[in-house]
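What follows is one structure encoded as structure tokens, with my remarks underneath.
The values are calculated or read from the model by the stated rules, or taken from the named source; none is laboratory data. Just so it is clear, the model here is predicted, and its values are computed rather than measured. Positions of Cβ are backbone-derived with ideal geometry, glycine not excepted, and every protein chain shown enters the neighbour counts. In case anyone asks, the SASA skips ligands and DNA or RNA and just uses the protein heavy atoms, side chains included. Shrake-Rupley method; radii C 1.70, N 1.55, O 1.52, S 1.80 Å.
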Amino acid sequence: MKKFFAWILAIAMTLSLAACGGNNSDQDDSSQQGDTEAKAFELSGDVEFVCPFSAGGGSDLYARTAANIIGELGVLGGHTITINNKTGGGGAVGDAYTVTKKPDGTTITTYVSAQITSPMITGSGITYEELTPICNLAMDEYTIGVLSTAEYQTVDEFIEYAKANPGKITVGGSGSGTEDEVCTGLIELYCGVDLEYIAYDSSAEVMTAMLGGHINAGIYNPNEAISQYEAGECTLLAAFGPERISVLPDVPTFTELGYEDVQFQQFRGIFGPGGMSQEAIDYWCDIFSQVIEHEDWTEGYLATNGLTSKFIAGADFSTFIDNEAAKYEAVLDALGLLAA
């Protein structure tokens, strides 16, 4: 009988130990799961910040300002961030490069309206759906400029000359199918004129060509023309936004001059390769939410260059991009610029 009770006791102890062991295992799994959930996203290496446009242009300044602030903030866990200008095709070359990179958060790219419109017009290239929208930081304005020695120094004079000389006014812009071409097309469509658009790789090249007398006019962001404007080398006939630009208060808008339909603004966003995880997206949204609060951004970049702050992140930015794409497609269709 003693042996029987001893056997029963041994079984009970074994079951009790097994149960305790099972409970500890559950606790370990739970603890590990909590640790995994609490662990923040971390970069696996240094960051490549792709700029699909040439050095000296609007996107290049945008990228370098943001990268400098990120470096100053020291928020990349010891990793560096380096600008890589991949130029050509109105952003097409840079997008084709970015789409081949791993979606691990170590590659991001500047992204503007032109990178949506270019494939719509050319019928080729990487579309925005093939990349990952991360966030938007600002809205940029557009102006049209001519030489200060040109015989047309107002919008009305420019339009009058263009009507009297169909196809003779050449207008330069950065890339084919870009915002610059859309702005030129809006003038043609709503002012009843025929202009010849000429594509360059950057607005810096457009300005050089105009100052050299190779083209008659150019489409510029404020920061791309303000130095020449203040030096008296060029006249900015009008701005395309709904309101005057803060750094160019003397430049009227097409809207106030009676050309309400000639209106355009450019978003300046950040994208990554297609397939980025939500954790990687959230990581960069957090980084850029700190960038836009930095004095070098608010008082330096935005105020100096006449941009408007507009931070849109994550899913809201994806919706914004879809809406912008639909708007651009409608405008390009009306202009007859969509690829067949």
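Distance from a point 7 Å along Cα→Cβ of ALA55 to each backbone N in segment 79-110: keep the residues under 16 Å and list them by number. What the label zone holds, given the 16 Å backbone N cut-off, is 82-88. Determine which residues of segment 104-133 fall in the zone a paramagnetic label at THR308 would reach in this model, i.e. backbone nitrogen under 12 Å from the point 7 Å along Cα→Cβ. Hits in segment 104-133 for THR308 at 12 Å: none.
For segment 47-133, what is the accessible area per residue in Å² when the probe is 1.4 Å?
That works out to 35 Å² for each residue.
Distance from the Cα centroid of segment 206-282 to that of segment 71-107 is 24 Å (rounded to whole angstrom). Computed from the Cβ-Cβ distance with R0 of 22 Å, the FRET efficiency linking GLU72 to ASP286 stands at 0.85. Between ILE321, ILE219, SER277, the Cα set farthest toward the positive side of the dipole of segment 181-335 (charges on each charged residue's Cβ, about the Cα centre) is that of ILE219. Rolling a 1.4 Å probe over the heavy atoms of the protein chains gives segment 264-340 an accessible area of 44 Å² per residue.
Based on the inverse mean of 1/r over its pairs of different Cα atoms, what is the Kirkwood hydrodynamic radius of segment 64-144, in Å? Walk me through the numbers before you get to the answer.
On the way: mean 1/r = 0.0696 Å⁻¹.
With all distinct Cα pairs of segment 64-144 included, I get 14.4 Å.
Residues in segment 207-214 carry Karplus couplings, in order, of 4, 4, 5, 5, 5, x, x, 7 Hz; the curve used is 6.51 cos²θ - 1.76 cosθ + 1.60 with θ = phi - 60°, and Gly or Pro positions show x. Its residue count N fixes a reference of 2.2 N^0.38 Å for segment 278-340, and the Cα radius of gyration divided by that reference is 1.52. Note on the chain: with charges restricted to the Cβ of Lys and Arg (+1) and Asp and Glu (-1), its dipole about the Cα centre is near 1280 debye.
Over the C-alpha trace of segment 92-244, radius of gyration and Dmax come out as 16.9, 56 angstrom.
Using a simple spin-label model with pseudo-atoms 7 Å out from Cα toward Cβ, ALA340 and SER148 lie 4.7 nm apart. Residues whose amide H lies under 5 Å from that of GLY274, counting only those 5 or more places away or on a different chain, are THR132; hydrogens are built 1.01 Å from N in the peptide plane. Taking amide H atoms as placed 1.01 Å from N in the peptide plane, the amide H of TYR200 lies under 5 Å from those of GLY173, SER174, GLY175, each 5 or more residues away in sequence or on another chain. Of all accessible surface on the chain at a 1.4 Å probe, what whole percent is carbon and sulfur? C and S fraction of accessible area: 50 percent.
Each label point is 7 Å from the Cα along the Cα-to-Cβ direction; what then is the distance between the points at ASP250 and GLU42, in nm? Each label point lies 7 Å from its Cα, and together they span 5.6 nm.
Could you check what % of the DSSP bridge pairs in the chain are antiparallel, to the nearest 5?
Beta bridges within the chain, antiparallel portion: roughly 60 percent.
Here segment 237-337 is treated as a sphere whose radius is the Kirkwood value from Cα pairs; by Stokes-Einstein at 37 °C and 0.692 mPa s it diffuses with a coefficient of 204 µm²/s.
Per residue, the solvent-accessible area of segment 136-259 (1.4 Å probe, heavy atoms of protein chains only, all protein chains present) comes to 37 Å². For segment 257-263, the Karplus equation 6.51 cos²θ - 1.76 cosθ + 1.60, evaluated at θ = phi - 60°, returns couplings of 8, x, 10, 4, 7, 8, 9 Hz by residue, with Gly and Pro reported as x.
One quarter of the convex hull surface, Cα atoms only: what value does that give for the chain in nm²? Reported value for the Cα convex hull: 22.9 nm².
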